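Inspection log for the structure reproduced underneath, given as structure tokens.
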Amino acid sequence: MNQREAAKISVVTVLLVVSLAIPLVHAADTSPMDLMARYILETARAFRTVYSKTIVEQSDRVGVKPSENWATESHGIMLPAQFVKAAGTEIKSFELGLIGLTPLYPSNLPKTQAETDALKKMMANPDLKMLTFADGNQFKGLAADYAITQACADCHNQHPASPKKDFRQGDLMGAIVVRLNTK
């Protein structure tokens, strides 16, 4: 390895360490459960955004469509919500999913009054992007879940089970939820 390559590796390593340390310094008064919930939510939100903006849009250009029944369709891929829920089923150490006040399916309603209250608080304050809170024997976090593309809004608006038919791109539709057991 030459000196230039070693310098590049050193710079990348320093940047990585600093980028990991900065959130910890700013969150010195934050509990470990709060930090964990926030990191999980940020990661889930990032993966969902990439899936929605990149995979779904690119697939659409070549005739592959996101579909609720993707598993039985020859040219279908899972919807972004199904992507998050599928990832959540692969995780055994905590729960990851989606909740909303007007979901397509009852299974996506909040599970507790505390989740409902937190989601209502988030809906009432569009600047509130993330909430964390204790709820019984779980620590929970919600990350605002927006209609990332117009296709997200259109899918919900056109779905026969949708109780709300006027979503637009950018609207807050619900939240990505993480539930961490504390006991």
Against the condition modelled with pLDDT of 95 or more and of a type outside the set (S, T, N, Q), how does Leu96 come out, does it pass? yes
Every residue from the range 111-135 that is over 15 Å from the mean Cα position of the chain (by Cα), modelled with pLDDT of 95 or more and of a type outside the set (Ser, Thr, Tyr): Lys111, Gln113, Ala114, Glu115, Asp117, Ala118, Lys120, Lys121, Ala124, Phe133, Ala134, Asp135
Counting residues that are of a type in the set (Val, Ile, Thr) and surrounded by fewer than 20 Cβ atoms within 10 Å (Cβ to Cβ), which helices (runs of 4 or more DSSP H) fully inside the range 64-183 reach at least 1? 80-90, 113-124
Restricting attention to the range 29-57, which residues are of a type in the set (Gly, Ala, Ser) and either open to solvent by 80 Å² or more (accessible area, probe 1.4 Å) or not in a helix (DSSP H, G or I) (or both)? Ser31
Which residue, of Ile148, Ile77, Ile176, Ile91, is closer than 22 Å to Ala46 by Cα, at pLDDT 95 or above and of a type outside the set (Gly, Ala, Ser)? Ile176
Report yes if some residue within the range 18-35 is in contact with a Gly (Cβ under 9 Å, 6 or more places away or on another chain), at pLDDT 90 or above and within 25 Å of Gly170 (Cα to Cα); otherwise report no. no
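The values are calculated or read from the model by the stated rules, or taken from the named source; none is laboratory data. Bear in mind the structure is a predicted one, so any value in this text is a computation, not a measurement. Heads up, the Cβs are rebuilt from the backbone with ideal geometry, glycines too, and the neighbour counts pull from every protein chain shown. Please note that ligands, DNA and RNA were not included when accessible areas were found on the heavy atoms of the full protein model with its side chains. Shrake-Rupley method; radii C 1.70, N 1.55, O 1.52, S 1.80 Å.
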